[in-house]
Amino acid sequence: MIARKDFRAALLYHDAIPLLISEELMKSCSPLSPHDTLETVLGKFTQNEVDSLPVVTGNNILLGLVTHNDLIKAYQHAIEQMNK
């Protein structure tokens with residue numbers, strides 16, 4: 001099983017070969033797509049009760065991680081844009 005800390009460590013190496021998400025990890029949480037809405041991301045965080053979720057391509061190639069803090073910042077930005 002690949003732990004969240006392994007994903008974080010892999011992301012520190014910019015020259016690393018794209019990482020494929022293991023089948024076991026894919027079963028243990030709902031990964032995000034780059035096209036997911038804020039509402040979808042919030043729902044997946046609530047459903048999975050995790051600190052971060054992987055963002056993957058259709059081929060399960062890891063693009064990055066979204067954290068609770070990232071989600072809060074995105075909502076704050078969306079609210080600011082609506083109030084303009």
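Read the figures in this text as sums done on the coordinates, not as results from a lab. All of these numbers come straight from a predicted model, not from anything done at the bench. Please note: Cβ atoms are built from the backbone with ideal geometry, for glycine as well, and neighbour counts cover all protein chains shown.
Mind ranking 68-77, 54-63 by how tightly packed they are, going by the mean number of other C-beta atoms within 10 angstrom, highest first?
Packing proxy ranking, top to bottom: 54-63, 68-77.
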In nanometres, what is the gap between the two model label sites at Lys84 and Leu42, each 7 Å from Cα along Cα-to-Cβ? 2.1
Computed lengthening from Gln76 to Leu63, 0.36 nm per intervening residue step minus Cα-Cα distance: 2.4 nm
